[in-house]
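Here's the structure, in structure tokens; my notes come after.
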Amino acid sequence: MLRDYVLFDLDGTLLDSLPLIETTFRHVFETMDIPWENGAVMKTVGLPLRDACRQFAGERWQELFDCYIKYQLEIHDEYIKVFPGAPETLAEIKPLVKGVGVVTSKRRPMAERGIAITGLGRYLDHLVTLEDVEKPKPDAEPVRRGMEKFGAAPEQTVFVGDSYFDIESGRNAGVITVGVTWGMASRAELEVAGPDFLVETWADLVRVLKGLS
């Protein structure tokens, strides 16, 4: 049943952190008088925060970065939520595979905090964060780091994510990729990214994983 190892993205896949991210960006953009531009910055979710800050604040990127980190820390625990169905799905999958991990572009302190608050840590064996790689998603390195944690080969591994950056990273690493539609990207955007499978519910995800024998 399944591939031996399942890796998940965190924000927008397991954690419903998008309201937290948008609220934080709106606050810091207003504080720094940066145009919101219909929320274009939200399309960068999945990239390292520094890259998004450089894109939208130019030479002031460090100021934006610091303001973002400070404000998000203040509101994080109030806003962070787990997607309904995520804990139950992880609980169902975990006994059937050799390992379950998370691969995220988030910094380790906030990733660990979100996982702890939502209680997902009991289902996870390893965590790969921004600090663990030189080249973040969509490069293959983050997913490869996840495989290295388990000693896994690409043909043994599935990567589940909600963004183009996730799908591209998984494809570059040579693993099976599954796109989920409940995160930031629309179904159409994910179809362009070209995952091996595209699912709309947790039940769909479990069916796909069980079919990868």
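All of the numbers you see were taken from the coordinates with simple rules; none came from a lab. None of these values were measured; they are calculated from a predicted model. As a convention, Cβ positions derive from the backbone with ideal geometry for all residues, glycine included, and neighbour counts pool all protein chains shown.
Overview of values
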item: Region 148-182: number of residues that are under 14 Å from K137 (Cβ atoms) and not acidic (D, E); result: 15
item: Hits in region 55-80 - residues which are closer than 22 Å to G183 by Cβ, in a helix (DSSP H, G or I) and either polar (S, T, N, Q) or in contact (Cβ under 8 Å) with a residue 60 or more places away in the chain (or both); result: Q55, Q72, Y79
item: Qualifying positions in region 68-121 - under 20 Å from R26 (Cβ atoms), within 16 Å of the chain's Cα centre (by Cα) and of a type in the set (V, I, T); result: I80
item: Positions within region 27-54 being more than 20 Å from the chain's Cα centre (by Cα), surrounded by fewer than 16 Cβ atoms within 10 Å (Cβ to Cβ) and in contact (Cβ under 8 Å) with a residue 12 or more places away in the chain, in sequence order; result: T31, M32
item: Subset of region 81-123 [in contact with a Gly (Cβ under 6 Å, 6 or more places away or on another chain) and part of a helix (DSSP H, G or I)]; result: I115
item: Positions within region 150-180 being assigned to a loop (DSSP other than H, G, I, E, B), under 13 Å from the mean Cα position of the chain (by Cα) and closer than 20 Å to I93 by Cα, in sequence order; result: D162
